[in-house]
Amino acid sequence: MIQGEASQRRNQYPELHSGFQPEVPLLTRLTELTLYADEELMQLVQRGNPQAFELIYDRHGGAAFSLAYRMVADRVAAEDVVQEAFLSIWRSRERYRRERGSLRTWVLGIVHHRAIDALRRNLVHDRKRASAEGLEERQEAPELTATEVIRRDEARIIRTALGTLPKEQRQTIELAYFGGFTHTEIADQLEMPIGTVKGRMRLGLNKMRRALDEEAA
Amino acid sequence: MTPTRGHDSHGESAGAYLLGALPELEAAAFERHVMGCADCRDELERLRPAAEALPISVDPFRPSARLKEGLMAAVSEELPRPVAARPGIARRAVASARWSGGGLQGFWRRPAFALASLALLAGGMAGGYGLASTGDDPEMRTFALKIDRSHLADASGSVEITGEQAVLRMHGLPELPSRKSNRIYQMWLKRASGDIVPGPLLSARADGGGATAVTGDLEDVTEVFVTRERAGGARAPTEKPRASAKLS
């Protein structure tokens, strides 16, 4: 959605883009960089441009922090996770390939891996992992930005899809994705065979996929 | 389609893999299996949109401003540092950074044009005369900034150019934007034609350092300079340069 807005804004200012080569963005003023879609900004980041990287953070740092906070349920630990993740993105910026998916997916995937690493290194107290116990500590931003409002609406749609799952499938998915537990740990917690746990994950994702498809239709 | 050998042991793993629930070794084994198993690849692609939607399902929370400051300071530290100038190896160019007022007469009245890109960082070379140096990299040129001491008494900085990238580093700057002022530093490029092209903005941190970077065709850029502008930058400079370097 952010990318769509960027393209729309750019079309309003064609004079800024005369001679513009999509593969190699040339305009560099901060106010003009904001007109670029993520993937175009990332080309500049790959060439070592810190301003473009700062804009990437501005666009996705909030979602990254929200995900990390959901997982580790502690502000300081979540910020450590996000800082590690974004530094990793800066250092491995050459690895991003736009044909493999959106930048947001790539960024959030890295944040997710870092948060799991933190959880499995036991940097965050186990009692908070993917449970509801840490939720009361959270303080939602009192005034949401436009981007945050969009994200909140997206979140509502996806939670609705999650809500269509049988409780045991949703629980298994949330323990794995947000809690960072392995299938073995989940099987121990829920006292069921590993095969059943893996099956619930697959069935749950499959059903959720169908629900998202129906929502999109 | 006949499932690939070993499929039975991996058949239910796609969901767990996408959720990050496979232990490291098992995930690696599954990745190897998927390379040769069309059924599992199809399953992964079918389930992937649902797994990729999960991080977006969380409520939005806002990180502290300190997170961004720390991150960008770390990134700034990792930008390439200028190589110290060494007499006798400045074979590409030796540039006097003495400001040529005549060459810029009326420059702030000219329209600014869209451009090539470039990058500024914070560095430690003294102002005064600029010395272009190739350092250890024959493609690298480093130019010291000449500083207007009436405005920036303690500042220093340099521009480093490698191929199509230019990096500006400055130290000893008054903090901008700050609590007292929402103005900001802006870099400008002067082309051989005399056109002044707006470059990126440069924030000065509380410790006086600042850096930025730009990439693009720098072939006909003859000078780089820095002014102080309103927040958001300007399309043409509104004051005389506070720091500058001739690039040829």
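Readers should treat all values here as calculations from the given coordinates under stated rules, not as data from a laboratory. Remember, predicted model here, so these are calculated numbers, not experimental data. Backbone-built Cβ (ideal geometry, glycine too); neighbour counts: all protein chains shown.
Of note:
- Selected from A:Ala161, A:Gly199, A:Ile150, residue furthest toward positive end of dipole (the range A:141-217; charges at beta carbon): A:Gly199
- For the range B:30-56 versus the range B:159-220, the gap between their alpha-carbon centres in whole angstrom: 45 Å
- For B:Lys146, the residues whose amide H sits under 5 Å from its own are B:Gly128, B:Ser244, B:Ala245, ignoring neighbours fewer than 5 places away on the same chain, with H placed 1.01 Å from N.
- Protection-proxy order for peptides B:176-183, A:200-207, B:227-234, each taking the mean of Cβ atoms within 10 Å per residue, highest first: A:200-207, B:227-234, B:176-183
- Residue mean of other protein chain beta carbons inside 10 Å, A:192-204: 4
- Peptide B:67-74 shows a mean partner chain C-beta count of 6 within 10 Å per residue C-beta.
- Those lysines that a straight Cα-Cα span of less than 16 Å connects to B:Lys246, excepting residues fewer than 8 apart in one chain: B:Lys146, B:Lys190
- Residues whose amide H comes within less than 5 Å of that of B:Val58, counting only those at least five positions distant or on another chain, are absent (H built at 1.01 Å from N in the peptide plane).
- The shape of the range A:141-217 comes out oblate: with a ≥ b ≥ c from the C-alpha gyration tensor, a/c is at least 1.5 while a/b does not beat b/c.
- Averaged over the residues of B:29-35, the number of partner chain Cβ atoms lying within 10 Å of the residue Cβ comes to 0.
- Virtual paramagnetic centre 7 Å along Cα→Cβ of B:Glu175, amide N under 19 Å, in the range B:46-68: B:64-68
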